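Okay, so here's the structure we're looking at.
The values are calculated or read from the model by the stated rules, or taken from the named source; none is laboratory data. Please read all numbers here as calculations on a predicted model, not as lab measurements. Neighbour counts run over all protein chains shown; Cβ positions are idealised from the backbone, glycine included.
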Amino acid sequence: MPLSTISTKFGKIKFSTGKEGISSITFPSSKKKPLPKHPFLESLIADDAIRKRLITEIEKYFMREKPNFDLPLDLRCCSPFQRKVYNAARKIPYGKVRTYGWIARKIGKPMSSRAVGQALGKNPIPLIIP
């Protein structure tokens, strides 16, 4: 899997990109976690333009500038429900907060706020998907 790394004051952030877009981001932590397994590894190729743009936007984010995370994502490894949740979460304006209930209503599943929370807990692309 093509991996890239960016060093920040918080440690090294690892991410993978492919022809569909960004497929994972992993932040440094005290627990060593491998990147999520991607079922479409054969299609993951380094996309230099996406990689460079992601690095630029992450640097902006850590310099407290407003990033433009309107980047292509590869969410094929996620369930249809997760993709709906992640797409709704991406529409939350920068610097704003929304509840799981708000997202559940946005995706037409008003009684599924717990499932929304579980989906966001498995978010393979944090930072871009808040």
Looking at (1) surrounded by fewer than 16 Cβ atoms within 10 Å (Cβ to Cβ); (2) in a helix (DSSP H, G or I); (3) out of contact with any strand residue (DSSP E or B) (no Cβ under 9 Å at 6 or more places or on another chain), which is the one condition that is false for R53?
-> (1)
Report yes if E20 is in contact with a strand residue (DSSP E or B) (Cβ under 9 Å, 6 or more places away or on another chain), loosely packed, with under 15 Cβ neighbours inside 10 Å and at pLDDT 80 or above, otherwise no.
-> no
Can K14 be described as surrounded by fewer than 18 Cβ atoms within 10 Å (Cβ to Cβ), over 29 Å from Q118 (Cβ atoms) and modelled with pLDDT of 75 or more?
-> no
Among the residues of segment 67-87, is there at least one that is at pLDDT 95 or above, over 15 Å from S24 (Cα atoms) and buried (at least 18 other Cβ atoms within 10 Å of the Cβ)?
-> yes
Would you check if F27 is at negative phi, modelled with pLDDT of 85 or more, within 15 Å of the chain's Cα centre (by Cα) and aromatic (F, W, Y)?
-> no
Would you say M63 is at pLDDT 85 or above, more than 15 Å from K122 (Cβ to Cβ) and more than 16 Å from the chain's Cα centre (by Cα)?
-> yes
